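The next block holds one structure in the form of structure tokens; read it before the comments.
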Amino acid sequence: MRKLFVWGLLLLLVACSTEEKTDAPDGDGVFENSASDTAEAKPELPDFSVLEGDWEKRGAYAVVSESWKKLDTDYWQGQVVRVEGKDSTLLESLQLEPRGDSTYVYIARVYSQNEGKAIPYTLASHEPGRYFEFHNAGHDFPQRIVYELPDAQTLRITLGILADTTKNKVFTFQKRR
């Protein structure tokens, strides 16, 4: 009986780990995964080039800037700096890096929090050139980071909790010329 249970469990694990393709028609009656497909379509990776450059948020006493630059084909590096008078303080180091061939991870290292450890957020959704949303449900705050570009000169960053949007904090930056 015990051997039968172990074999059944093993069979279940193997069955769950294999990817199943269906030949169900989409809304147009066309089969998406037909036997005639020669290669699977690779998901479109987001283009973060709209973030490139320097963004500023001016306050009464300080300027906070977020800057992004492309390191190579797929990797991006960012930083958040607070400038008050003649003093500047590095608040965060940021990275965007590919994971596998279908998604990106946003990595934030906030030096005054979390003992300066890196916190990863997985790309949850995006709209090319306008919107990028990242999630980490295991983090206390934020669990959700959204970058929105309503126009070429404005960057809106929203930090929030996945289950409660009333706790969102929104920061609006302008492109530095």
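Here, each number is a calculation from the coordinates, and none is a lab measurement. Here the structure is a predicted model, which means the values were calculated and not measured. Ideal geometry is used to build each Cβ from the backbone, glycine not excepted, and the neighbour counts take in all protein chains shown.
Taken over region 48-175, lysine pairs spaced eight or more positions apart, or on distinct chains, with alpha carbons under 18 Å apart number 5. Normalised by the residues of region 134-177, what does the relative contact order come to in percent, with Cα pairs under 8 Å and at least six apart? After rounding, I find 31 percent.
Which whole-number percentage describes the relative contact order of region 48-175, with Cα contacts under 8 Å and a sequence gap of 6 or more?
Value for region 48-175: 16 percent.
For L162, the residues 5 or more places off, or on other chains, whose built amide H falls under 5 Å of its own are Q143, R144.
Over all orientations, region 48-175 has a Cα convex hull whose mean projected area works out to 8.4 square nanometres.
Each label point was placed 7 Å from the Cα along the Cα-to-Cβ direction; for S49 and V170 their separation is 2.9 nm.
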